[in-house]
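Each remark here refers to the structure printed beneath this line.
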Amino acid sequence: MSVLTSYASASARDSAAPAASNTGLCIFRSDTKAIEVSDGSNYQIYNSDGVAYNFPSNSYSGVFDGAGDYISVPSSSSLSIGGSVTITAWIRKDTTGVFGAILAKRDSTTNYQLLVRNTNVLSFYQGTTVVNDTAALSANTWYHIAVVATSGSTDFYINGSLSSSGSGTTITATSDNLYIGQVASGSYWDGYMDEIAIFNRALNSTDIGNIYSNKAYISPVALYRLENDVTDSAGTNDGTNNGVTFSTSVKPY
């Protein structure tokens, strides 16, 4: 049984449960052979072939001032991804017409970075190869975005739907640090970000839809919820906060 199949069979029934009143609830689903554990607001689903994290509630988003705010994460074996990568996030730009870095595993001209260009479209770099989306993003609007980069294609998703596909190039694993909200040369993010996830594989359209609609993440290598902190909710790749603040009023959900 695949991770996708095991979660999809339960997602429609379980996306709104367990309820907040069920603190400490542990459920075994006999049909999917999955264990669901609740902390009273969020819950994790443990499948035989992966761990699914579900976050139906959201209290904060990260605020980036565009002038020097960013999160840095030291290199690790789990973040040194080669082959294919998927990045998902909620983003909201305060301004248009300027470059803004979402996430970069890139200290120089190697490895990858995801940003919004000064033409207001998503842009993904692998080395010196760049692929641009075609849909322009507006200021002061929340978008759920995803990029799936493989040797065959680079696919952009906006709000759970495929936006465009471009050429692909194999991701090269390096020991560069991970940055959220900047690249090494600048391009600081001006606005808000939330729920940033990294996967060491190519997600498909159903996976992306589950993240957008159900807030369900299956086996990410890192997940930064920005819930008044910069810790990794899926692993041990905690970040260092460099000026990022947190909002309780401007959130994607």
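Just to be sure, is Asn210 out of contact with any Leu (no Cβ under 8 Å at 6 or more places or on another chain), closer than 21 Å to Gly235 by Cα and crowded, with 19+ Cβ neighbours inside 10 Å?
When the stated conditions are applied, Asn210 passes them.
For the condition within 22 Å of Arg201 (Cα to Cα), within 17 Å of the chain's Cα centre (by Cα) and not basic (Lys, Arg), what is the one hit in Ser151, Ser76, Ser175, Ser80?
Result of the check over Ser151, Ser76, Ser175, Ser80: Ser80.
Kindly indicate which of Glu227, Glu195 is surrounded by fewer than 22 Cβ atoms within 10 Å (Cβ to Cβ) and at pLDDT 95 or above.
Numbers: Glu195 fails: surrounded by fewer than 22 Cβ atoms within 10 Å (Cβ to Cβ).
Answer to the check: Glu227.
Condition test on Lys93, is it touching an Asp or Glu at 6+ places or on another chain (Cβ under 9 Å), closer than 20 Å to Ser77 by Cα and in contact (Cβ under 8 Å) with a residue 12 or more places away in the chain? Reasoning before the result, please.
Working: touching an Asp or Glu at 6+ places or on another chain (Cβ under 9 Å): yes; closer than 20 Å to Ser77 by Cα: no; in contact (Cβ under 8 Å) with a residue 12 or more places away in the chain: yes.
Here the answer is no, as Lys93 does not meet what is asked.
Hey, does region 118-125 have a residue that's assigned by TED's automatic domain parsing to the domain that holds Thr174, closer than 21 Å to Arg201 by Cβ and among the aromatic types (Phe, Trp, Tyr)?
Of all residues in region 118-125, those assigned by TED's automatic domain parsing to the domain that holds Thr174 come to 118-125.
Keeping just the survivors that are closer than 21 Å to Arg201 by Cβ gives 122, 124-125.
Now restrict to residues that are among the aromatic types (Phe, Trp, Tyr): 124-125.
Within region 118-125, one or more residues are assigned by TED's automatic domain parsing to the domain that holds Thr174, closer than 21 Å to Arg201 by Cβ and among the aromatic types (Phe, Trp, Tyr).
Looking only at strands (runs of 3 or more DSSP E) that lie completely in region 141-218, which have at least 2 residues being in contact with a helix residue (DSSP H, G or I) (Cβ under 7 Å, 6 or more places away or on another chain), under 25 Å from Ser78 (Cβ atoms) and aliphatic (A, V, I, L, M)?
Numbers: elements: 143-149, 154-158, 161-166, 178-180, 190-199, 216-218.
In region 141-218, the matching strands (runs of 3 or more DSSP E) lie at 216-218.
Looking only at region 126-156, which residues are free of Cβ contacts under 8 Å to residues at least 40 places away in the same chain and buried (at least 21 other Cβ atoms within 10 Å of the Cβ)?
Answer for region 126-156, where residues must be free of Cβ contacts under 8 Å to residues at least 40 places away in the same chain and buried (at least 21 other Cβ atoms within 10 Å of the Cβ): Val131, Asp133, Thr154, Asp155, Phe156.
Within region 213-231, does at least one residue satisfy the condition of being touching a Pro at 6+ places or on another chain (Cβ under 6 Å) and not basic (Lys, Arg)?
No, region 213-231 has no match at all.
The values are calculated or read from the model by the stated rules, or taken from the named source; none is laboratory data. Since the structure is predicted, the reported quantities are computational estimates derived from the model, not experimental observations. Positions of Cβ are backbone-derived with ideal geometry, glycine not excepted, and every protein chain shown enters the neighbour counts.
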